[in-house]
Amino acid sequence: MKIPAGIADGGKIRLKGKGQPGPGGQGDMIITVSVAEHPYYQRKNNDIYLDVPLSFSEAVLGTRIDVPTLTGVTTVTIPPGSSSGQKLRLKGRGIKSQKSGETGDMFLVLKIVPPPNPDSRSKELLQEFSSRNPQPDLRKNWT
C-alpha cells in the first residue's frame, strides 16, 4: 500500500476490492491514517510551524541562522529588533496539498530565550542597556 505524501492525520485511503465480500461483489477497504507528531514541526493544514529559539543578543542585533525545512537546511536572516512570538514566513516551504497541488508555507515562530544564570557584570550591562534604550510602558493599558 502506498501512503500519499502530505496526507493529514485522519486522512483516508481507499483500497478498491480489498474489503469484505458483499451482495454487489468485493467491498473496498478504508484505512484511516494516524500521523505521529514531529518533535520540531507543527502542522496546520498545509502550513508548517517551527519554534526558533533565539538569544537576547540575536533578537536585538539580528543574525543569520540555519533552519531545517522539509526540503533541507536553509539560511534565514533574523532582522534586528525581533520579538518573541514574531513569525517569519518561508513561502512554499510547507506541505503540498493532495487536492489542489499547491504547497503551504513554513512559519518560523521566534522564541527569545534569556540566559539562565547571567553573572553580575551581565546584569549591570543589561541595566545600562535598559537605561540607554527606554521604552514606553508596555503594559500601559492593562488597568
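The values are calculated or read from the model by the stated rules, or taken from the named source; none is laboratory data. Note that the coordinates shown come from a computational prediction; the quantities given were computed from them, not determined experimentally. As a convention, Cβ positions derive from the backbone with ideal geometry for all residues, glycine included, and neighbour counts pool all protein chains shown.
At a glance:
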| quantity | calculated |
| --- | --- |
| Cβ pairs under 9 Å, 6+ apart, first in region 63-89 and of a type in the set (Asp, Glu) and assigned to a strand (DSSP E or B), second modelled with pLDDT of 95 or more and surrounded by 11 or more Cβ atoms within 10 Å (Cβ to Cβ) | Asp66/Thr74; Asp66/Val76 |
| Flag if Gly27 is free of Cβ contacts under 8 Å to residues at least 60 places away in the same chain and under 21 Å from the mean Cα position of the chain (by Cα) | no |
| Residue within region 90-101 that is exposed (fewer than 10 other Cβ atoms within 10 Å of the Cβ), under 16 Å from the mean Cα position of the chain (by Cα) and not in a strand (DSSP E or B) present | yes |
| Matching residues in region 42-57 - criterion: being free of Cβ contacts under 8 Å to residues at least 24 places away in the same chain and either farther than 26 Å from Gly104 by Cα or surrounded by 14 or more Cβ atoms within 10 Å (Cβ to Cβ) (or both) | Ser57 |
| Members of region 18-41 that are assigned to a loop (DSSP other than H, G, I, E, B) and either aromatic (Phe, Trp, Tyr) or loosely packed, with under 10 Cβ neighbours inside 10 Å (or both) | Gln20, Pro23, Gly24, Ser34, Ala36, Glu37, Pro39, Tyr40 |
